[in-house]
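First the structure, in the form of structure tokens, and then the observations on it.
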Amino acid sequence: MIHTRLGCSTISFRHLDLDAALATITDLGFAEIDLGALPGVCDHVPYVLDAAAVDAVAAAVQGSGLRVRSINGDIGDLNEPLDRRSRTARDRHLDALLALAVATGSRALVLPCGALDHTPRRSLGADLDLVAAELDLAADTANRHGVELWSESLHYHRLCWNLERAQRLTDRLAASRVRVVMDFSHIVASGGDPVEFVGRFGDHIAHVHIRDAVPGNINLSVGNGQVDFARGLKALADATTAISPSSCRTAQSPTASGPRPPLAPLN
């Protein structure tokens, strides 16, 4: 059995249907998963997530015997201003993901740090203000369901693609319930240093994604890139005041984590 603090993302097996992905992860010896719910990347959780879909996904997960650490989801571009109809659709999707989190016993829902584009929609400051406000609002909603809200605050393909932007976003969230997901591959792909990431954000880190990378490319299996995992993991281990004993790491195989098609509207 693999150590209980190391889980596996279902995104690693996005080419399989959910039941087959869960069976494969179990056969590999994992006891815990991150459940992929990213439109255009992994369809293990349908984007049109009605009550029947929530029940079906929850039943599959419960039947597998695997625990769910987090649901890796997307409710749209958080730096995009919304009209009333779009706000209603986003709120409905968030509520559905949170219902799934409750049904599967997931500790947290993970949301992204803005659109899949480095260029702001308005200005960088205004976009970061909006992303922070949306994450803060989602965290308050999640809290009412007994679920934590985490964000992958540095994502190489998204608005907050480097350490500087991740810092500016995290500063805006300092008083919120939002916690940080650290992803080795995105940090290194952006030209950053995982040890510096821990030094900057250690107090906020709730969860860690493990995947290899080289500058400009996140899609490498562990051992095929330039990530110094020993040094980065030691920094995490040394940050005893930052990383709680219940925090864990999730392994991810290379995935199509680059630009995806636009999100389909909710019906």
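The values are calculated or read from the model by the stated rules, or taken from the named source; none is laboratory data. Keep in mind it's a predicted model, so treat the numbers as computed, not measured. Quick reminder, even Gly has a Cβ in these numbers, built from the backbone with ideal geometry, and neighbours come from all protein chains shown.
In segment 52-80, of all residues being closer than 17 Å to Cys8 by Cα, more than 13 Å from the chain's Cα centre (by Cα) and of a type in the set (S, T, N, Q), the one that is surrounded by the most Cβ atoms within 10 Å (Cβ to Cβ) corresponds to Ser64. Against the definition (out of contact with any Asp or Glu (no Cβ under 6 Å at 6 or more places or on another chain), of a type outside the set (Gly, Ala, Ser) and within 26 Å of Ala99 (Cβ to Cβ)), how does Asp171 come out, yes or no? Against the criterion (out of contact with any Asp or Glu (no Cβ under 6 Å at 6 or more places or on another chain), of a type outside the set (Gly, Ala, Ser) and within 26 Å of Ala99 (Cβ to Cβ)), Asp171 does not qualify.
Here the condition is being within 26 Å of Gly199 (Cα to Cα), in contact (Cβ under 8 Å) with a residue 40 or more places away in the chain, part of a helix (DSSP H, G or I) and of a type in the set (A, V, I, L, M); of Leu100, Leu109, Leu135, Leu94, it holds for Leu135 alone. The residue that is farthest from Asp136 (Cα to Cα), among those in segment 169-211 that are modelled with pLDDT of 95 or more, small (Gly, Ala, Ser) and assigned to a helix (DSSP H, G or I), is Ala189. Hey, can you tell me all the residues within segment 175-207 that are surrounded by fewer than 23 Cβ atoms within 10 Å (Cβ to Cβ) and β-branched (Val, Ile, Thr)? Hits for segment 175-207 are Val195, Ile205.
Looking for something at pLDDT below 85 and among the polar types (S, T, N, Q) - is there at least one such residue anywhere in segment 229-242? Yes, that holds for at least one residue.
The listed residues are Asp83, Asp127, Asp27, and the only one of them that is in contact (Cβ under 8 Å) with a residue 40 or more places away in the chain, at negative phi and out of contact with any Asp or Glu (no Cβ under 7 Å at 6 or more places or on another chain) turns out to be Asp127. Within segment 1-20, track down each residue that is buried (at least 19 other Cβ atoms within 10 Å of the Cβ) and not aliphatic (A, V, I, L, M). Across segment 1-20, the qualifying residues are Gly7, Cys8, Ser9, Thr10, Ser12, Phe13, Arg14.
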